[in-house]
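Participant: What follows is a structure written as structure tokens; I'll ask about it next.
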Amino acid sequence: TFFLGIKLHNFYHSKKSFSFVGTMGFAVSLMVISVYAFLIEIKPFITGSTTPTTRFNILEKTDIKAGLSPYSNKLLLNNCLEATAGPVGMAQPTSRRKTVLISCQSLAKDITSFMPTHAFAYYIGAFASAELKQYSEFNFQIAASQKTAPNGQWLAQFRVELVEENFEKITSATLSSHKQDLILLAKNASGVRSIATRYVSQPEFRERITELVETLSPKYQKSFVNNVRRAANEISQRRQGLEQ
């Protein structure tokens, strides 16, 4: 009985030690994961506080991962948009810009893989794919962006511009989503100004948008016509100013 008591005592304390070590190991693992997650999370904020040139270099040379919050991911995607479509990015050699486009395309896919309703990420993926001439991927991403944010007016303006720039490469599904974006903009005060300006400056666009506007109520038709006149006057005045 005495020896049995000793064995039971040792066994009990060995289990306590094992439990303590296991708990400590688990805590350390959690701490390491937390630090890693924190570094992922703050990286977009560090990137966002730098200059456009520095941000371009970071996107070119660093394997950027998606953040853990919607805000950090939006900041990262904004960096991608600036780096690929902004003045600094557009001025870069083709090889460097292509590297950043691929990086941003990968980032967009990373974000939408765990946030499948992130319409802005789909848009960035569509933009990068179009620039890389991957038109099948472009069509998928732009349609997904419209599907997940059909009422996002500011994003619709981005999508309309991108689709119009690649109009000869779009599919019937993309055309259908494009028409929905145009109708949305035609019903919105700032949106109707953007498509009215395109109506004046892009002749091949006129027939398409006129056909859609004619399906709307007189209220929206009148607004569109007024904005077309205003846009035409503004363009005319700018031309006169350049000629003087």
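The values are calculated or read from the model by the stated rules, or taken from the named source; none is laboratory data. Computed from a predicted structure; not experimentally measured. Using ideal geometry, Cβ is built from the backbone for each residue, glycine included, and neighbour counts are taken over all protein chains shown.
Participant: When you check Val160 against the structure, is it buried (at least 20 other Cβ atoms within 10 Å of the Cβ) and modelled with pLDDT under 95, yes or no?
Facilitator: no
Participant: Being of a type in the set (D, E, K, R) and surrounded by fewer than 19 Cβ atoms within 10 Å (Cβ to Cβ) is the filter here, so list the residues in the range 175-192 that pass it.
Facilitator: Lys179, Lys187
Residue-wise test of (1) under 26 Å from Ala149 (Cα atoms); (2) at pLDDT 95 or above.
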site: Asn57; (1), (2): no, no
site: Ala83; (1), (2): yes, no
site: Lys109; (1), (2): yes, yes
site: Thr112; (1), (2): yes, yes
